[in-house]
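The block underneath contains the structure these notes are about, expressed in structure tokens.
Rule-based calculations on the coordinates, nothing more; no lab input. Quick caveat: nothing in here was measured; it's all calculated off a predicted structure. When we count neighbours, we look across all protein chains shown, and the Cβ atoms used for this are built from the backbone with ideal geometry, even at glycine.
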Amino acid sequence: MPNLLQIDSSPLGGDSFSRQLTAEYVQRWQQRHPNGKVVKRDLATTKLAPVSAEWIGAVYTPEANLSPGQRELLATSNDLIAELQAADEYVFGVPMHNFSIPSVLKLWIDQIVRIGQTFAYANGAPIGLLVNKKATFLVASGGVYDEGTPMAALNFVEPYLRAVFGFLGVTDTRFIHAGGTAKRLYGVEREIILEPALASIRAQFQAA
Ligand SMILES: Cc1cc2nc3c(=O)[nH]c(=O)nc-3n(C[C@H](O)[C@H](O)[C@H](O)COP(=O)(O)O)c2cc1C
């Protein structure tokens, strides 16, 4: 049974553009996989602490030597990694915040990038342990950062996510950008702003 992990990170709930895109993606995915399972991870409501010295100490303690307190510290990270391992496919809703990813998504990344769990070293070189996964990133931004535009160099969302997920072994990735959501402030309809991104999502399912 195919398993899709949906990860949203916008704080804006029903007003969020990226959440509207993940909802569209999930709806299409469910049509394609009527028996599939969708697991939702909402980072706006998942309370994640920044990594601490104690947490880092636990990460580098061999499993057999972990104290009960250390096990407790790693429990959330273990649960989040288990969600990634169980899924075949991931879809992320990502609002651009200050040219990068929202802080809640960074807190999540700090929990799931773990030596021996999601990456390892073989002969001194890193290898990703999340293999045979596919990821789609639906990115909403107030401005437009398309390739060839003056703003493109300020888009740190896509290069960063490509780097982190590539490091973890997730190289089958797609990025769909909904740029220009700030046009909503000038009266442009949401659906008009989102149409190119919605069309790209539909095309993914028509093509596959
Ligand atoms: C804290 C914050 C920082 C933002 N930084 C940027 C930015 O650097 N560049 C940009 O184009 N838009 C920026 N925006 C606008 C958002 O990218 C835009 O509203 C987008 O639609 C957010 O996605 P969402 O609607 O799913 O929350 C920012 C918005 C917020 C709330």
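On the basis of the beta-carbon distance and an R0 of 25 Å, residue 172 and residue 98 show a calculated FRET efficiency of 0.30.
For region 75-171, give the share of DSSP beta bridges that are antiparallel, in percent and rounded to the nearest 5; count only bridges with both residues there. List each step's numbers first, then the result.
On the way: 5 of 13 bridges.
Taking every DSSP beta bridge with both residues in region 75-171, the antiparallel ones total about 40 percent.
Other residues with beta-carbon under 13 Å from the beta-carbon of residue 74 carry, at +1 per Lys or Arg and -1 per Asp or Glu, a net charge of -3.
Starting from the Kirkwood radius over alpha-carbon pairs of the chain, derive D by Stokes-Einstein at 25 °C in a medium of 0.890 mPa s and give it in µm² s⁻¹.
On the way: Rh = 18.2 Å.
This corresponds to a translational diffusion coefficient of 135 µm²/s.
What is the percent of Cα-Cα separations in region 132-191 that go past 13 Å? Result for the distance tail: 66 percent.
Tell me which of 70, 164, 34 sits at the most positive position along the dipole axis of the chain, charges placed on C-beta atoms (Lys, Arg +1; Asp, Glu -1). The Cα lying farthest towards the positive end belongs to 34.
Quick one: grab the alpha carbon gyration tensor of region 109-208, order the square roots of its eigenvalues as a ≥ b ≥ c, and give me rounded if a/c is under 1.5, else prolate or oblate depending on whether a/b is larger than b/c. Each step should come with its number before you reach the end.
On the way: a/c = 2.90, a/b = 1.99, b/c = 1.46.
Prolate shape, in that a/c is at least 1.5 and a/b is the bigger ratio.
Along region 42-58 the Karplus relation, 6.51 cos²θ - 1.76 cosθ + 1.60 evaluated at θ = phi - 60°, assigns HN-Hα couplings of 9, 7, 6, 10, 8, 8, 10, 8, x, 5, 10, 4, 5, 5, 4, x, 5 Hz to successive residues, with x for each Gly and Pro. Rounded to the nearest 5, the antiparallel percentage of DSSP beta bridges internal to the chain is 15%. Which Cα, out of 107, 193, 80, lies furthest along the positive dipole direction of the chain (beta carbon charges, K/R +1, D/E -1)? Sorting the options by dipole projection puts first 193. Fully extending the segment from residue 67 to residue 47 would add 4.9 nm, taking 0.36 nm per residue of separation and subtracting the current Cα-Cα distance. When you filter the chymotrypsin sites (Phe, Trp or Tyr not before Pro) in region 18-67 for DSSP loop state and at most 15 other Cβ atoms inside 10 Å of their Cβ, you are left with 60.
So for the chain, averaging the separation of alpha carbon pairs under 8 Å that are six or more residues apart and normalising by length, what relative contact order in percent results?
23 percent
Model label sites at residue 204 and residue 146, defined 7 Å from Cα along the beta-carbon direction, differ in position by 1.9 nm.
Here r is the Cβ-Cβ distance between residue 120 and residue 37 and R0 is 35 Å; the resulting FRET efficiency, rounded to 0.05, is 0.80. Using 0.36 nm per residue of separation minus the Cα-Cα distance, give me the extension gain between residue 154 and residue 88 in nm, one decimal. Additional length available on full extension: 20.6 nm. Dipole check for the chain: with +1 at the C-beta of Lys and Arg, -1 at the C-beta of Asp and Glu, and the Cα centre as origin, the magnitude is about 220 Debye.
The count of lysine pairs in region 3-207 that are at least 8 places apart or cross chains, and whose C-alpha atoms lie under 22 Å apart, stands at 8.
Label positions at residue 76 and residue 134, each projected 7 Å from the Cα along the C-beta direction, are separated by 3.2 nm.
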